[in-house]
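Below is one structure, written out as structure tokens; comments come after it.
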Amino acid sequence: MLTPLLGSINKQRILIFLLAREEGYAREIARFFETDLYPIQRQLERLEQANILFSRALGKTVVYAFNPRYPFLAELKSLLAKALEFHPQPLREALLDNRRRPRRRGKPL
């Protein structure tokens, strides 16, 4: 939906993912959207160079999030939130279901 404006489907996927989950790393985003890792990494680097995102290392993993100092952050997030409303319901639910901790051993599904 925002691909003509942003120039890349992967850039749109990254921004929507980070809007929904607040932070993420390249492999997590690529797995979620079932796409190749390299284009996601390249777009993350470009977004970081443009100061839209910032990264920090957690062990060997580089985690990305929106840069709070980006001057158009509020406008960008409102545009992305509006675009997220038009995504299919299963995709929205999957994005907003943010389970990060492992399940307790022996806990029933």
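Here are the numbers for this structure:
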| item | result |
| --- | --- |
| Residue 95 in a helix (DSSP H, G or I), in contact with a helix residue (DSSP H, G or I) (Cβ under 8 Å, 6 or more places away or on another chain) and modelled with pLDDT of 90 or more | no |
| The range 68-92: number of residues that are in a helix (DSSP H, G or I) and either at pLDDT below 90 or out of contact with any strand residue (DSSP E or B) (no Cβ under 7 Å at 6 or more places or on another chain) (or both) | 16 |
| Residue that is surrounded by the most Cβ atoms within 10 Å (Cβ to Cβ), among those in the range 26-55 that are farther than 21 Å from residue 73 by Cβ and charged (D, E, K, R) | 28 |
| Number of the condition not met by residue 60 [criteria: (1) loosely packed, with under 15 Cβ neighbours inside 10 Å; (2) farther than 23 Å from residue 93 by Cα; (3) of a type outside the set (S, T, N, Q); (4) touching a residue at least 12 places away in the same chain (Cβ under 8 Å)] | (4) |
| Hey, residue 21 touching a residue at least 60 places away in the same chain (Cβ under 8 Å) and at negative phi or not | yes |
| Top-ranked residue of the range 14-66 - restricted to ones that are outside any helix (DSSP H, G or I) and among the basic types (Lys, Arg), ranked as farthest from residue 80 (Cα to Cα) | 60 |
| Some residue of the range 10-25 being over 18 Å from residue 75 (Cβ atoms), surrounded by fewer than 20 Cβ atoms within 10 Å (Cβ to Cβ) and more than 10 Å from the chain's Cα centre (by Cα) | no |
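The values are calculated or read from the model by the stated rules, or taken from the named source; none is laboratory data. The model shown is predicted, which means the values in this text are computed figures rather than measured ones. Reconstructed Cβ throughout: ideal geometry from the backbone, glycine too, with neighbour counts over all protein chains shown.
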